[in-house]
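A short write-up of the structure that comes next.
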Amino acid sequence: VWSMQTGRLLDVLSGHEGPVSGLCFNPMKSILASASWDKTVRLWDMFDSWRTKETLTLTSDALAVTFRPDGAELAVATLNSQITFWDPENAVQVGSIEGRHDLKTGRKELDKITAKHSAKGKAFTTLCYSADGQSILAGGMSKFVCLYHVREQILVKRFELSCNLSLDAMEEFLNRRKMTEFGNLALIDQDAGEENGVAVPLPGVRKGDMSSRHFKPEIRVTSLRFSPTGRCWAATSTEGLLIFSLDAQMLFDPFELDTSVTPGRIREALRQREFTRAILMAFRLNEKKLAQEALEAVPQNEIEVVSTSLPELYVVKVLEFLAASFEESRHLEFYLIWTQKLLMSHGQRLKSRAGQLLPVVQFLQKGLQRHLDDVSKLCDWNRFNIQYVLAVSKQRGMKRTLEPVDTEEDSDASDEDSLHLLRAAGEEEEEEMLI
């Protein structure tokens, strides 16, 4: 345990009887979880002399450990291809997922057994919870990344990271073209006399091959991470860094839709100044253009009344829309007023669901912080320029009063210079006021 402020070693935690394979801090408390090959996970209390708070006993070697974003659950990946879920407060197992058949590992060239039998030795080596804590990503010695629903303990989707057959363990069955009467060609060492083995160059390159290597890399996933907004996730694998996002395509995704909700009804409600009903219908239809039209039709002095009358379920939808609008809309002040009124009216009730609403809040904070950085830089630049111009004009005015005027032409030139500076300062001040 090291101090981030001083860079000094504070303490060495001892207690595991095998190599430590994973570490994770609890996001909400000063608790450190350590997973080890000795089939245990230890929870260390950072405030109480770094003593062991709990010891979780597993059925197999632990390979990875991670906390849920709210700190109320712990997930552990073990060598028998299982993911177990624990309650860290009571040290009780609350669920498990069997992932042996979901990995679908391939058969390596040098394997003498089938992929089905070799899968018994494969397992998940990295885990990551989604931003809302309802799903978990798992990857390891396979070309697949599995997304599981934690509460239902079922496989939601399996992502294939690569189709590159030049990597090892990509094919499930043995390639018959490499089989000869002497056996598998991959098992025959053709250049046994070479010290460094057989080089595998890039096809078509004669000299200066930067990718030349003496082994065939095996496909595997080394790390998985969800974005704080929950809209995308990234994976580092043998193929490089891969990013998967929900925002790559447009989908029609209605919410509690019935036959009475149409674009014509929404615009009719706006003409009758029934803003709350129009906003509810727009978000039930879940069309971005209609939702934007309904929100921007509300007068500024009525935003507080309309935001108070919105149901709590639709408040979350409106906040999600506002967070996305901050990325591209020019109506910054209008949407800021909407955000302030919604949070002031429904903040106490939303606080009770802080764990589920964490992705929305972080998405909102991201857009606000980006605008804050851009606008503050521009305002500071304008303010400093105006101060510089005023200081220069003041200095020249002092010089003019101290120095005697020789000719009428010199006084006219100095008057023109000061007039030009004052005019420039006035234009800069008007520009700052407009901004």
Descending packing, highest mean Cβ count within 10 Å first, for 371-381, 34-44 is 34-44, 371-381
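Calculate what fraction, in whole %, of the accessible area of the range 317-386 sits on carbon and sulfur atoms when a 1.4 Å probe is rolled over the protein chains.
Values: 2450 of 4270 Å².
Answer for the range 317-386 is 57 percent, counting heavy atoms of protein chains only.
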Volume per residue (Å³) of the convex hull spanned by the alpha carbons of the range 313-397 is 115 Å³
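Among the listed pairs K157/K288; K157/K317; K39/K122; K289/K351, give every one whose C-alpha distance is greater than 19 Å.
Working: K157/K288 27 Å; K157/K317 25 Å; K39/K122 17 Å; K289/K351 29 Å.
Those over the limit are K157/K288; K157/K317; K289/K351.
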Heavy-atom accessible area of the range 251-298 with neighbours in place, 1.4 angstrom probe: carbon+sulfur share in percent works out to 51 percent
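Over the range 309-397, with the other protein chains present, what is the accessible area per residue in square angstrom, probe 1.4 angstrom?
About 61 Å² of surface per residue is accessible.
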If amide H atoms are modeled at 1.01 Å from N in the peptide plane, then the residues at a separation of 5 or more from G140, or on another chain, having amide H under 5 Å from its own are T125, V221
Of 151-157, 305-311, ordering from highest average Cβ density within 10 Å down gives 305-311, 151-157
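Using a 1.4 Å probe on the protein chains only, how many percent of the accessible area of the range 1-102 belongs to carbon and sulfur? Don't jump to the answer; show the numbers that get you there.
Details: 2840 of 5410 Å².
Roughly 52 percent, rounded to a whole number.
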Sorted on mean Cβ neighbours within 10 Å (highest first), peptides 55-68, 80-93, 324-337 come out as 55-68, 80-93, 324-337
For the range 251-298, the per residue accessible area (1.4 Å probe, Å²) is 58 Å²
Karplus ³J(HN,Hα) for the range 305-318 (6.51 cos²θ - 1.76 cosθ + 1.60, θ = phi - 60°; Hz, whole; x = Gly/Pro) runs 5, 5, 5, 5, 7, 6, x, 5, 5, 7, 4, 5, 4, 5
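The values are calculated or read from the model by the stated rules, or taken from the named source; none is laboratory data. Model, not experiment: these values are computed from the prediction. As a convention, Cβ positions derive from the backbone with ideal geometry for all residues, glycine included, and neighbour counts pool all protein chains shown. Protein only, heavy atoms only, side chains kept; ligands, DNA and RNA dropped before computing areas. Shrake-Rupley method; radii C 1.70, N 1.55, O 1.52, S 1.80 Å.
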